[in-house]
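Reviewing the structure listed below.
The values are calculated or read from the model by the stated rules, or taken from the named source; none is laboratory data. Since this is a predicted model, take the numbers as computed values, not measurements. Because the Cβ atoms are built from the backbone with ideal geometry, glycine has one as well, and the counts that use them run over all protein chains shown. What goes into the accessible areas is simple: the full protein's heavy atoms, side chains included, and nothing from ligands, DNA or RNA. Shrake-Rupley method; radii C 1.70, N 1.55, O 1.52, S 1.80 Å.
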Amino acid sequence: MNTPALVALLAQLLRERQWMMATAESCTGGLIAGACTDLAGSSEWFERGFVSYSNEAKNELLGVDAQLIATHGAVSEPVARAMAEGALAHSKTQAAVAVTGVAGPTGGSAEKPVGTVWFGWSVKGQPTRTERRRFDGDRAAVRAATVHYALQTLVQSISGTRPDER
């Protein structure tokens, strides 16, 4: 399923529940929000997007504890979790997705190579879910894969099924 089709399915799921969603994005710089708002009528289910590219923005916009970032790094499970939970806490939504990663071509390390992305999904009535993925390709490919996976897994979290099973 391509990204626009995922967005359409996500929109349907959110509308059925009368839910709104938010994004908290670092490495994608607003691309997830952009993919969502490319769909006409998205104001019915998309409430807001936080582009928290810097560590300070993660702290100020989403309430991510600066000590958490200092201890674990911006690209980490605790930060992705805090970003997703912060997006819910700082919005009037029932679903949020967060991404923080190393899109490249620079910035990688042995522990966190280019293409490493941590995801966080917070959905009403469920514990926050996190996952680490590594995507191959250049900066654009890593960011596109991140957007797609973030949306695909949000659809799965809300519906309880994989998008290709619907």
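At a glance:
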| read-out | value |
| --- | --- |
| Förster radius 22 Å - calculated FRET efficiency between ASP136 and ALA70, Cβ distance, rounded to 0.05 | 0.15 |
| Test item: Cα-centred dipole of the chain, Lys/Arg +1 and Asp/Glu -1 on Cβ, debye | 220 |
| Most fluctuating residue given options ALA140, ALA103, ALA95, as computed from a GNM of the chain linking Cα atoms under 10 Å | ALA140 |
| For VAL64, distant residues with modelled amide H under 5 Å away | ASN59 |
| Rough spin-label spacing in nm, given labels placed 7 Å along Cα→Cβ, for TYR53 and ALA8 | 3.2 |
| Computed Rg/Rh of the stretch 70-155, alpha carbon atoms with Kirkwood Rh | 0.99 |
| Within a Gaussian network of the chain (alpha carbon springs, distance under 10 Å), most fluctuating of GLU85, GLU111, GLU56 | GLU111 |
| Coarse-grained scattering of the chain at q = 0.21 Å⁻¹, given as base-10 log I(q)/I(0) from a Debye sum over alpha-carbon atoms | -1.41 |
| Accessible surface of the chain [probe 1.4 Å, protein heavy atoms]: carbon and sulfur percent | 49 |
| Charge dipole (the chain, unit charges on Cβ, about Cα centre) - positive-most of ILE69, TYR53, LEU13 | LEU13 |
| Calculated P(r) of the stretch 53-93 - Cα pairs past 17 Å, % | 18 |
| Accessible area (Å², per residue) of the chain, counting only protein heavy atoms and a probe of 1.4 Å | 45 |
| Lysines with Cα under 24 Å of LYS92, excluding same-chain neighbours fewer than 8 positions away | LYS58, LYS124 |
